[in-house]
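Heads up: the structure comes next, in structure tokens.
Here, each number is a calculation from the coordinates, and none is a lab measurement. All figures in this text were calculated on a predicted structure; none of them were measured in a lab. Neighbour counts are summed over all protein chains in view; Cβ atoms, including those assigned to glycine, are modelled from backbone coordinates with ideal geometry.
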């Protein structure tokens, strides 16, 4: 979701006078937000067309496939459609951009199981995953402890009934032994803003982790996924739909960016 807020903020540059020539200019601007793009279509709707010079657009629509945020981090599908966008015309005359009213957009994302497993091989994602694990169980000095461990062979399997399974091995620095981890859980969205693990199960070397520990992990993940944390940056986000299938995850969301963020 952090990526979406940054991405949406960049859209206001499309409505500046320098970007009003044709949709192709907007498309090139969007492409620069990604490392590479397989397919991308961008359309800016205006009636009358000259109002974009005044910092207004009726709607921006984006449809992309195979969008790489980094070399190993790929979004299968991104579809985005905004409400009318309006910038502060006086600031535009001075070469600055600032929203005059909130920027609202509906977003649809598709992430495949194959792309998730490719991302898990990325050092950046592995490091974040390890830190998240220690943070979720309430360990102090999370970053230091995470550096003492290496996550090996992580793999996600999407199951039926809104469930997923994650397998990995954990190795402590200086110790050749590895600890096999298998975690499985259902996922649901609470009030559009927070994830909740449903009937989570965790096994270490084929032994069940105590229920109180699993509950602590589940609570930690739920707290860290709370989208209300974005509100301090002037962004409101809500998950409208989260659907897991054996091949991919489909997400529909609403995002609003406050006009208090000058650009």
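Could you calculate, for the stretch 72-124, the ratio of the Cα radius of gyration to the Kirkwood radius, expressed as Rg to Rh? Write out the running numbers ahead of the final one.
Working: Rg = 17.7 Å, Rh = 14.1 Å.
Using only Cα positions, Rg/Rh for the stretch 72-124 is 1.26.
How far, in nm, would the chain grow between residue 108 and residue 33 when pulled straight, counting 0.36 nm per residue and subtracting the alpha carbon separation?
Values: separation 75, 0.36 × 75 = 27.00 nm, distance 1.75 nm.
Result: 25.3 nm gained on full extension.
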Residue 258 versus residue 128, label points 7 Å from Cα toward the beta carbon: distance in nm?
2.5
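Just to be sure I follow: if Rg is taken over the C-alpha atoms of the stretch 150-263 and Rh is the Kirkwood radius over the same atoms, what is Rg/Rh? Mind showing how you got there, number by number?
Numbers: Rg = 17.3 Å, Rh = 16.2 Å.
Value, to two decimals: 1.07.
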Label point distance in nm, residue 250-residue 70, each placed 7 Å from Cα along Cα→Cβ
2.9
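What is the calculated FRET efficiency for residue 241 to residue 207, with r their C-beta to C-beta distance and R₀ = 35 Å, to the nearest 0.05? Show your work: numbers first, answer last.
On the way: r = 36 Å, r/R0 = 1.03.
After rounding, the FRET efficiency stands at 0.45.
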So how far apart, in nm, are the two label points at residue 148 and residue 188 if each is 7 Å from Cα heading toward Cβ?
3.7
